Amino acid sequence: MSPSAPSPSGPLHGRGRVPAPGAGRFAPSPSGDLHVGNLRTAVLAWTWARRTGRRFVMRIEDIDRVLPGAAERQLEDLAAIGLDWDGEVLVQSTRSQAHRAALERLVRAGDVFECYCSRRDVREASSAPHVPPGHYPGTCLDLTEDQRRERRARLAAQGRRPSLRLRAPAPTWTVHDELHGDFTGPVDHFVVQRSDGVPAYNLAVVVDDGFQGVDQVTRGDDLLGQAPGQACLASLLGIPVPDYVHVPLAVTRGGTRLAKRDGAVTLADLRGLGWSPADVVGWIGESLGIPGARTASDIEEALDLHAMSLRPWVVEPPVGPPHP
Ligand code: GLU
């Protein structure tokens, strides 16, 4: 074909097509105000997405705990430190039809099983030595149809229903993390539909990341252990598995995970002490080895993505205005 011949491969079709860029995301649960550790994670998620040529999307994960007004304040705080996002904010609770459709697909494929255990049953049984900490011990995994019928009836008599758990197809799964390398971890038989019939959080995250075109998940490294199970679920649902970036958490001097009760750690608290959003960005920048940052863009330009320390950020909540 000569260079001047009409080509069927314009921007929308076939050969030569520029793939739509993937997306990074931030997906807070609106259970309270974001603290500096959460804001730092958001800056990092935005930085990773922008620096790797991705879109950046936002999602409010409001299917579990919700504090009225928190989602709006979280978005205001993220905008105040200079983050922007592409498209509308996705509100997870508006997606229940898609979550249910994914559940139906899992049920049809035999990728789930009914679980009749109470939380207490799980807690007690999961201290068994062969069970990874916090994981489901497998109690209801291989019951006969008769046993299931009997347990279903027993629950119904108490006004309860079974939950649905993932029938993990393999004991472990490997994901790729930009900071942690290839990470292999156990796949839990986690709940995909709660006993009240509501699709569970772990399912919603995977389905919604797929819907938003997320192919890069940057979040706190407390969630690294969940990535193998979520990646496995994505594969079962035919959703592309994202690349992960699990970043270190903010902790107190005592080594516990930073919380609001630890002092002036939200934008509102810090404002009350005379800190502007730019001062807070400066503090986050310093924690990443970037002095003098005033905007999220300053951090984005200067951050050496792969050189990031994996040690937690030890936060000393300020008690007065920022140092000049
Ligand atoms: N919504 C979760 C949280 O705020 C984050 C989940 C995720 O990033 O995958 O803890």
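Of the residues making up the stretch 258-285, those that are farther than 20 Å from residue 79 by Cα and either touching a helix residue (DSSP H, G or I) at 6+ places or on another chain (Cβ under 6 Å) or without any contact (Cβ under 8 Å) to a residue 40 or more places away in the chain (or both) are 258, 261. Residue 264 fulfils the conditions (1) in contact with a Leu (Cβ under 6 Å, 6 or more places away or on another chain); (2) loosely packed, with under 13 Cβ neighbours inside 10 Å except for a single criterion, (2). Got at least one residue in the stretch 277-293 being modelled with pLDDT of 95 or more, among the aromatic types (Phe, Trp, Tyr) and surrounded by fewer than 22 Cβ atoms within 10 Å (Cβ to Cβ)? Within the stretch 277-293, one or more residues are modelled with pLDDT of 95 or more, among the aromatic types (Phe, Trp, Tyr) and surrounded by fewer than 22 Cβ atoms within 10 Å (Cβ to Cβ).
Note on the stretch 22-41: among residues that are part of a helix (DSSP H, G or I) and within 10 Å of the ligand (Cβ to nearest atom), the one that is surrounded by the fewest Cβ atoms within 10 Å (Cβ to Cβ) is 38. Residues that are among the basic types (Lys, Arg), within 12 Å of the ligand (Cβ to nearest atom) and not in a strand (DSSP E or B) within the stretch 42-79 comprise just one, 65. With respect to the numbered conditions (1) over 16 Å from the mean Cα position of the chain (by Cα); (2) buried (at least 20 other Cβ atoms within 10 Å of the Cβ); (3) in a helix (DSSP H, G or I), which one is the sole condition not fulfilled by residue 232? Here residue 232 meets the rest and fails (1). Restricting 84, 111 to those that are at pLDDT 95 or above and within 22 Å of residue 23 (Cβ to Cβ) reduces the list to 84. Of a type outside the set (Lys, Arg) and in contact with a Phe, Trp or Tyr (Cβ under 9 Å, 6 or more places away or on another chain), is that true of residue 207? Answer is no for this residue.
Scanning the stretch 125-140 for residues that are surrounded by fewer than 15 Cβ atoms within 10 Å (Cβ to Cβ) and either modelled with pLDDT of 90 or more or more than 17 Å from residue 229 (Cβ to Cβ) (or both) turns up 125, 127, 128, 129, 130. Take the conditions (1) touching a residue at least 24 places away in the same chain (Cβ under 8 Å); (2) under 24 Å from residue 282 (Cβ atoms); residue 75 misses just one of them, which is (1). Is it the case that residue 255 is surrounded by 21 or more Cβ atoms within 10 Å (Cβ to Cβ) and over 30 Å from residue 111 (Cα atoms)? Taking the combined requirement at face value, the residue does not satisfy it. Taking every residue in the stretch 22-39 that is closer than 23 Å to residue 283 by Cβ and at pLDDT below 95 and pairing it with any residue that is part of a strand (DSSP E or B) and near the ligand (Cβ under 10 Å from one of its atoms), at least 6 positions away or on another chain, yields no pair with a Cβ-Cβ distance below 7 Å. Highlighted here are the helices (runs of 4 or more DSSP H) found entirely within the stretch 101-217 that include at least 2 residues which are touching a residue at least 24 places away in the same chain (Cβ under 8 Å), in contact with a strand residue (DSSP E or B) (Cβ under 8 Å, 6 or more places away or on another chain) and more than 16 Å from the ligand (Cβ to nearest atom): 145-157.
The values are calculated or read from the model by the stated rules, or taken from the named source; none is laboratory data. As the structure is a prediction and not an experimental result, all values here were calculated from the model. So basically every Cβ, Gly included, is an ideal-geometry build from the backbone, and we count neighbours across all protein chains shown.
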